[in-house]
Each structure stands twice: as structure tokens, then as C-alpha cells.
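Bear in mind these aren't lab numbers, they're just calculated from the coordinates by the rules spelled out. Not measured: the values here are computed from a predicted model. No Cβ is skipped: glycine too gets one built from the backbone with ideal geometry, and neighbour counts run over all protein chains shown.
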Amino acid sequence: MKPIHVGLLGIGTVGGGTFAVLARNAQEIARRAGRPIVITAVADKNLERAREVVGSTPGVRITDDAMSIVDDPSIDIVVELIGGYGFAKDVVLRAIANGKHVVTANKALLAVHGTEIFTAAQQKGVTVAFEAAVAGGIPIIKAVREGLTANRIEWIAGIINGTTNYILSTMRDSGRPFADVLADAQALGYAEADPTWDIEGVDAAHKITLLSAIAFGTPVQFEQAHIEGISKLAAEDIRYAEELGYRIKLLGITKRVAGGIELRVHPALVPAKRLIANVEGVMNAVLVKGDAVGATLYYGRGAGAEPTASAVIADLVDVTRLHTADPEHRVPHLAVQADRLENTPIVPMSEVETACYLRLRVQDKPGVLADVARILADNGISIEAMIQKEPAEGEGEADIILLTHITREKHIDAAIARIEALATTVGRVTRLRLESLAS
Ligand code: NDP
Ligand code: HSE
């Protein structure tokens, strides 16, 4: 059967992995797709590196002009692996306008401009496939959009940024400094072009935005996500959390609640006995709770050349299989039919309910604990556990660590403001949210 012709835009970490895996497993992939999938054109700004990756493979045109591939009538599918929202958006929209299917790993582009891109694709009768955009090699988009389609999804919580999980686990195990471990993650090809997107939770927010839209059948709403990263996380909080039986993980969470949908990324304490608390290194894991199936857990490599290529090529095979299928009967981009998306609101963070971990440094005097307890009680917050760390020899200050029962964010905010205003409180109160993730 006639091969499907692919134009690859960007042959860096993921593009290089995609080229290698497609070449290595060409026969098996052709058996599965029903026809050979062949990369016939590659664009990259760095021509020398592109030539190196392509090597002696015959029949591959190499160029630094990505648009020339998008405009090439012989190309059936465009794979966008450049990244970012600028030029990548232009090439994706132009490929769609030219009637080409698109495969992309670009979560930033889809979380921010997904509505415009999916609408354009829908109108043109082409597909934009993005399995690699969330959790690297884990087929989580397919699982939520197709495998769990019978369910009313209740919530999703995931470790969906490999770089930060790698940093948190490596720092905990080896005690190596943050900057060194981040440099490793960059060298291994895990980090985004701008690694602050990883560290500050932006990349995880891009991904949970896409999962949220698919889970709840809404347009993408990245601008409403609450985002906190790991840059302010202190080593002592990781230690104290362990003492209390928890691990700290950067979680992306989306949940259906009475007032709408929660959409948030922040470090959270997770009970150490949960499987997800033991997900280490670059591994990702996503817990999905459906009303019929209950809790399901998906685990695998969330970043890196070949794990991500695995998802890119799965999309290529899917698109190849449906190349000639009726556009009206394809799997919808965001799981529900385009005219049935709902504008469910994202609830403000102040209304979100979680249990909390609080760490405060106080002067070691009588009555201090009573003041703190009274402020929490005044705000309707009840304490689940508490530890007080004895002051070091000659020091008049002690750390108090509290776990609260579930409370509303605005109540804990008010309590923290009052605790910080006490004359006996030293510095700021550290607050981390706690997610029991019980099914
Ligand atoms: P890389 O930076 O390794 O690769 C991007 C490539 O695109 C580079 O070779 C770059 O060249 C090239 N490029 C940049 N601008 C242009 C242009 N205008 N025309 C042609 N080529 C261009 O990125 P990754 O492979 O890591 O990431 C690619 C995409 O995949 C991103 O959207 C990322 O978020 C996503 N992703 C990455 C994962 C990973 O593990 N790395 C996992 C999942 C998704 P130059 O270097 O010279 O700028
Ligand atoms: N920078 C991302 C991560 C790549 O570390 O998870 C995978 O999307």
C-alpha cells in the first residue's frame, strides 16, 4: 500500500527520538498502521544536527524552512516538535489550512491556543493528535478520551512533570543541590527550553489543562489555572512531611465540584503508602477517578527522547488508520463532540477545599501554641496532627508543624495572615496542601 508521507518539524530531543524509533521499528509499525509511515522531509534550524540524525537514510529532504514542508503537497501528516507558541502556532495553523493532519507534543501551544487550533482542524476536517503532550510515553489522552469514555470523571491527579519529579527525588536521595540536579535533567533532555516552565509548575499546568478539558468536555482554560511550582519548597518541609508519613509531590489536579471545576498545580503532601507517592525520578503517574471504574493509575516515563517518541508514533499510526475516515466520525479532539463542549467555570482558588500542612517558626514561650490553636479554631479549622521541634541548643525559636483537617482555602489564608501577625511568629508560615488521593 502507498506509504504515508510525514514532514518532521524540529529534530531535537523528541524529533530525534521519533526519527530513530520510526526507523528501527518501521516494519512492525507498518503492520500495525496498514501501510508504511515514512518521514520524507525534516526541518530544523540546526541543519548540521539534522543531517547527523538523518544520517544515510535515503529519500529525506532536509531544510531549515519548516513552512516549505507545511506547503509541500506530497506531505500527508505534519509532526510539530519545535515547541513554544510563536512559530509553532503558525506552522500548525498553516498545515491545517493546507488540509494536513498534525501530530504535536506541544502542550504549551494547545493549552493556550487549543480552542482556536481544534476549531480550525474541525472546520477543515483534519485531526490534531497530541498524545505526547501529556505525561510523555503514557497513553493517558487515549485512556481518558476513549478508554474511560463510559465514565463521569470525578477527578484527575497526576505527577505530570518529569523534571520536577526527578529533581525532588534526586535531591531527597542524594542531597545534591537543586542547580546540579536541574542541570542533569536538562542534559537528559527532560526540561523545557525554558526550565522555569518546569520548576514553576507552568508545564504541569499546560498538561492538566488539557486533561481537564478532555475529562470534563470544556474548552481549554489555562489562563484560569492556579499554578505553584517547587522553587520555594524547603528541604525541612520534605523532611517533616516524611516524619508525618507523607511524600511531597508536584501534582496537577482537576476535580469536578459543586461550583464548577478545580484546576490547579502545586506541591502537595501525599500519604507515603499511596502508589503515586512512590513514583520517583522522571517517571510520571496519573490517577483518574471515574464513577463507574473507580480509581485507575497510569505510570511510565514522562519525558525523554524515545518515551515521548513512543506517543508521537502512536498518534502517527492512529492518524494513518483514520486518514481516509469520515471527519464527522473521528474521535473528537476534546473527547466530546465539538458542538457539545460546556463552559463549566473554574472555581476560584479561595473556594478550593483541602487539608493543609503548616510550618511556622515561633518564639519558644508559654501560650504561643494556644494563640495559634485559637486562630485556627476562630477560622473553623481543626487540627489533625502536630509536632513541635525542640529549639536547638541556645536558640529561643522552635518549629511547629501542623496538619489540618479539610478546610476552605480562604479560611486558611485568613488564619495564616493572623498567625503571621503574631509578635511571637518568626517569618512567614509555610503552607502546603495535602491530598489523600483516596479512591
Ligand atoms: P528541542 O529543543 O530538543 O528540539 C526542538 C528543535 O526544533 C531544535 O532542534 C530547534 O533548533 C528546532 N527549531 C526551533 N525553531 C525552529 C524553527 N523555526 N524551524 C525549524 N526548527 C526549529 O525540544 P524537545 O524535542 O525537547 O521538545 C519539542 C516539543 O516536545 C516541545 O513542545 C516540548 O514541550 C515537547 N515535549 C518534550 C518532551 C521532552 O522530554 N523533551 C516530552 C514531551 C513533550 P535549535 O535547537 O537550533 O533552536
Ligand atoms: N519538560 C517536561 C517534563 C517534558 O519534564 O515533564 C515532558 O513533557
One finds the C-alpha centres of region 145-201 and region 256-312 to be spaced, in Å, by 11 Å
With +1 at each Lys and Arg Cβ and -1 at each Asp and Glu Cβ, the charge dipole magnitude of region 350-434 around its Cα centre, to the nearest 20 debye, comes out at 200 debye
Alpha-carbon spread of region 140-301, three principal axes, descending order, Å
45, 35, 28
Crossing angle, helix 202-216 versus the chain [Cα axis fit, 0-90 degrees, rounded to tens]
80 degrees
Quick note, region 350-434: a/c under 1.5 would make it rounded; otherwise a/b > b/c is prolate and the rest oblate (a ≥ b ≥ c, C-alpha gyration tensor); here it is prolate
Taking every DSSP bridge whose two residues both lie in region 224-340, the antiparallel percent to the nearest 5 is 90 percent
Tilt of helix 13-24 relative to the longest C-alpha principal axis of the chain, in degrees (0 to 90, nearest 10)?
50 degrees
Check: region 140-301 dipole with +1 on Lys, Arg Cβ and -1 on Asp, Glu Cβ, in debye
640 debye
Show me 390-402, 133-145 ranked by packing, highest mean number of other Cβ atoms within 10 Å first.
133-145, 390-402
Please report, in whole Å³, the volume per residue of the convex hull around the C-alpha atoms of the chain.
143 Å³
Which angle from 0 to 90°, rounded to the nearest 10, does the C-alpha axis of helix 87-97 make with the longest principal axis of the chain?
50 degrees
Let me check against my output: what whole-number percent is the relative contact order of region 167-236, with C-alpha pairs under 8 Å and at least 6 apart?
23 percent
Using per-residue counts of other Cβ atoms within 10 Å, averaged over each peptide, order 305-311, 21-27, 54-60 from highest down.
305-311, 21-27, 54-60
